[in-house]
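Heads up: the structure comes next, in C-alpha cells.
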Amino acid sequence: MVYPISMKLSKLCLWAIAGTVVLIIGTYVLAILLPFYQFEVRQFVIAEIYILFYLCAAFGCAVALEKGRLPRLMRSGIAVGAIALVGWIAENIYNDYSVEWVWYTILIWPTNWASLMMIVGLLLLPEPRAKWWMQLRRITIGLFALLAAIICYAITFHPREGLLALTGIYDSEMWLLTGGYEEIASKLGYVIGLLACGGALFVWLAAAFIKPKQDMESIIEITEYWLSCPRCGLQQQAMTGLDKCDQCSLQIRVQLA
Amino acid sequence: MSAQPSSLKGSFFKKVIIAFVVLVCITILLLIALTLELNDDWMEKLTAVSAMLTLCFGVFVSAGAVIRRKHIASLMWLSCVLAVVGTFFAFILIWGDHYYDAEETVGRFTITSFALSIALAHSGIFSIVSTHTRLLFFTKLATMVCVWLCGTVIIVMFWYEDLFWSMGGIFWTILYIASFSTLASIVGTIIVPIAMVSHANKEYIVNESISSRVKILLECPKCAKRQELSSGNVRCSDCKASIFIEIEEPRCECGYLLYQLQGNNCPECGRLVRESEKWEPTSVGIDLETAKPDVE
C-alpha cells in the first residue's frame with residue numbers, strides 16, 4: 001500500500017495551527033496575569049505569530065501538494081518557509097537594530113518564495129473553468145510573482161540600508177536618492193499588489209460560482225488518446241476530460257490547457 | 001427579487017455578482033489613481049464611496065449564496081439590510097460636510113451596521129461549510145466566535161470610547177483580546193475554506209490502492225507522443241503542450257474505497273453507492289488482496 005506523507009500533511013498543519021493559536025492565547029493570559037514579564041511575553045507572541053504565518057503558508061502548500069498541483073514547487077515552499085521561520089525567530093531573539101536590515105535582506109527571499117508558493121498553490125486548486133478564467137489565473141500568478149520580485153529587489157538593493165550599503169558602495173548622493181527609491185518601490189508594489197489581489201478575488205469568486213462542468217465542453221477539445229491504466233495496467237483508448245478505466249473504473253481526468 | 005423572502009432568483013443573484021465585480025474593478029482603478037497622485041478631494045470621496053459600495057455588495061454576494069441554499073435566510077436578509085444602512089451612513093459621512101456636529105454619532109452607526117452585517121454574512125457563509133472532522137468543526141466554530149468577538153469589541157470601543165481610555169489596565173486587556181480575535185478571524189477565514197477540500201476534512205485517512213502521484217503512461221492528446229507523466233499540471237516532453245492530469249478513485253462520502261465493491265451499499269456506513277461510481281465486476285486478473293481498502 002502506498003501511503004505518501006503528503007496525505008497527512010494538511011491535517012498535521014491544521015492541528016499545528018490550532019495548537020499555536022492555543023499557545024498564543026496562553027501567552028496572552030500570561031501577559032495579563034504577569035505584567036512584569038511583558039517584554040519577554042511580547043517576544044514570545046511575535047515568535048508564535050511567525051509560526052502561525054508559516055503554518056498557514058505550509059498548509060496552503062500541503063493542500064496543493066495533496067491535489068497534485070506543482071508538487072516540487074509546493075515542497076520547496078514548505079521547506080524554504082521553514083528556513084525563513086528559523087531566521088525570523090533568530091532575528092527576534094537577537095533583536096539587534098544595527099544589523100536589522102541584514103536580516104531583512106537575507107530573510108525576505110525565502111519568505112517571499114514560501115508565500116508565493118502558497119498563493120500559486122491556492123490559485124491552482126480549482127479545476128479549470130472557462131478559457132478567460134484560465135488566462136486570468138495565469139495573469140494573476142504572474143502579478144504575484146512580479147510583486148514578490150519587487151519586494152525582494154526593493155529590500156535587497158535599498159540604497160541606504162541594503163546590499164549596496166553593505167558592500168561599501170555608499171555615498172550621500174545615494175542617500176539623497178533614497179526618498180525617491182522608496183516612493184517608487186512602494187507605489188509600484190502597491191499598484192501591482194492591488195491588481196494581483198483583485199485578480200485572485202475574481203479567480204476564486206468565479207471558481208465558487210461557475211460550475212466546472214458547465215463550461216468544460218466549450219473549452220476542452222475532446223480528443224482520443226491512448227493510456228495504460230496506472231492501477232490495473234490495461235492499455236486502452238480514452239477521451240480527454242473525465243474518463244474511467246474500462247477494467248478497474250479508476251477515474252482519470254486528462255485535459256489540454 | 002422573489003416575493004418570498006427565503007428565495008432568490010438566479011438571474012438577480014448573477015446581476016448582484018456582476019455588480020460586485022464591476023465595483024471591485026472601479027475601486028481598484030480609483031485606488032491606483034490615488035496611489036499615482038492623480039487625486040483631488042473629489043477623487044478621494046469617490047474612492048471612499050466606491051469602497052463602501054464594494055463592501056456592501058460583498059455582503060450581498062455572501063448573504064445571497066447562503067439564501068440560495070435556503071439556509072438562515074431571515075438572518076441573511078437582515079445582514080443585507082444592515083449593509084445598506086451602513087452604506088447610507090457612510091455616504092452621509094463622506095459627502096455631508098454640513099452634518100459635522102453629528103459626525104461622531106453617524107460614524108458610530110456606520111461602524112455598528114457594517115460590523116454586524118459582515119459578522120452575520122461571515123457566519124452565514126461558514127454555516128454552509130460542511131465539516132467531517134471535529135478539528136475542522138471546532139476551527140470553524142472558533143473562527144465564527146472570533147469574528148463576533150472582534151465585531152463586538154469594535155462596536156463597544158466606538159460607542160464607549162471615553163470610558164475605555166479611563167479604564168487603564170483593562171483597556172489593554174480588551175485591546176489584546178481585540179487584536180487576538182482579529183488575527184484569529186483572518187487566519188480562520190483563510191484556512192477553513194481551504195481545509196474543506198483537503199484531507200483535513202476527512203474523518204478517516206483511507207489508504208489508496210495507488211499513489212495519488214503515480215506516473216501514468218499515456219499518449220499526449222495533442223502530438224500522440226507516448227510518455228510517462230505525473231498527475232497535476234505537466235508538459236508534454238515533445239510538443240510542450242500543457243496537460244492537466246488528475247486521478248481519482250471512486251469513494252463513498254465516508255471515504256470508503258469503492259474499488260471492487262460488489263453491491264449497492266457502502267459496507268462502512270451503509271450509504272447507497274451512486275450508479276456512476278459503482279465498480280463494474282467485468283475485470284479479470286486483479287489481485288483482490290492488494291485492492292482491499294484499509295482504514296486508519
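Annotations
- For the stretch B:234-245, filtering for residues that are of a type outside the set (Phe, Trp, Tyr), surrounded by 18 or more Cβ atoms within 10 Å (Cβ to Cβ) and facing chain A (nearest Cβ under 7 Å) leaves 2.
- Residues in the stretch A:234-252 that are free of Cβ contacts under 8 Å to residues at least 24 places away in the same chain, assigned to a strand (DSSP E or B) and within 20 Å of residue A:68 (Cα to Cα) were compared, and the one that is nearest to the other protein chains (Cβ to nearest Cβ) is A:251.
- Of note, residue B:49 satisfies the criterion of being under 30 Å from residue A:187 (Cβ atoms) and either assigned to a helix (DSSP H, G or I) or aliphatic (A, V, I, L, M) (or both).
- Any hit, the stretch A:78-85, residues being modelled with pLDDT of 85 or more and either under 22 Å from residue B:196 (Cβ atoms) or among the hydroxyl-bearing types (Ser, Thr, Tyr) (or both): yes
- Among (1) closer than 30 Å to residue B:197 by Cα; (2) surrounded by fewer than 21 Cβ atoms within 10 Å (Cβ to Cβ), the one test that residue B:108 misses: (1)
- Residue check for residue A:42: at pLDDT 80 or above and either assigned to a helix (DSSP H, G or I) or within 11 Å of chain B (Cβ to nearest Cβ) (or both): no
- Contacts under 6 angstrom Cβ, first residue in the stretch A:102-117 being under 13 Å from residue A:158 (Cβ atoms) and modelled with pLDDT of 90 or more, partner surrounded by fewer than 19 Cβ atoms within 10 Å (Cβ to Cβ) and not basic (Lys, Arg), 6 or more apart: A:108/A:152
- Residue check for residue A:121: closer than 27 Å to residue B:214 by Cβ, touching a Lys or Arg at 6+ places or on another chain (Cβ under 8 Å) and not in a helix (DSSP H, G or I): no
- Evaluation of residue A:67 against the conditions (1) free of Cβ contacts under 8 Å to residues at least 12 places away in the same chain; (2) out of contact with any Phe, Trp or Tyr (no Cβ under 8 Å at 6 or more places or on another chain) shows that the sole unmet condition is (1).
- From the options B:243, B:205, residue that is at pLDDT below 70 and of a type in the set (Val, Ile, Thr): B:205
- So residue A:12, is it modelled with pLDDT of 85 or more, surrounded by fewer than 20 Cβ atoms within 10 Å (Cβ to Cβ) and either at the interface with chain B (Cβ under 10 Å from one of its Cβ atoms) or under 24 Å from residue B:198 (Cα atoms) (or both): yes
- For the stretch A:15-33, the candidate set comprises residues that are at pLDDT 85 or above and either within 20 Å of the chain's Cα centre (by Cα) or of a type in the set (S, T, N, Q) (or both); within that set, the residue that is farthest from residue A:62 (Cα to Cα) is A:20.
- Residue in the stretch A:74-87 that is within 12 Å of another protein chain (Cβ to nearest Cβ) and in a helix (DSSP H, G or I) present: yes
- Per this entry, residue B:120 is not counted among residues that are within 12 Å of chain A (Cβ to nearest Cβ) and either more than 20 Å from residue B:65 (Cβ to Cβ) or not hydroxyl-bearing (Ser, Thr, Tyr) (or both).
- Options B:110, B:133, B:139; residue that is touching a residue at least 60 places away in the same chain (Cβ under 8 Å) and hydroxyl-bearing (Ser, Thr, Tyr): B:133
- Residues that are of a type in the set (Gly, Ala, Ser), surrounded by 16 or more Cβ atoms within 10 Å (Cβ to Cβ) and farther than 26 Å from residue A:16 by Cα, drawn from the stretch B:123-169: B:124, B:151
- Neighbours by Cβ (under 9 Å, 6+ apart or cross-chain): first from the stretch A:119-145, buried (at least 19 other Cβ atoms within 10 Å of the Cβ); second of a type in the set (Gly, Ala, Ser) and not in a helix (DSSP H, G or I): A:124/B:232; A:128/A:257
- Residue within the stretch A:152-164 that is at pLDDT 85 or above, within 23 Å of residue B:191 (Cα to Cα) and assigned to a helix (DSSP H, G or I) present: no
- Members of the stretch A:237-256 that are under 17 Å from residue B:219 (Cα atoms) and hydroxyl-bearing (Ser, Thr, Tyr): A:240
- When residue A:47 is tested against (1) more than 30 Å from residue A:252 (Cβ to Cβ); (2) of a type in the set (Gly, Ala, Ser); (3) within 9 Å of chain B (Cβ to nearest Cβ), just one condition goes unmet, and that condition is (3).
The values are calculated or read from the model by the stated rules, or taken from the named source; none is laboratory data. Bear in mind the structure is a predicted one, so any value in this text is a computation, not a measurement. All Cβ positions, glycine included, derive from the backbone under ideal geometry; neighbour counts span all protein chains shown.
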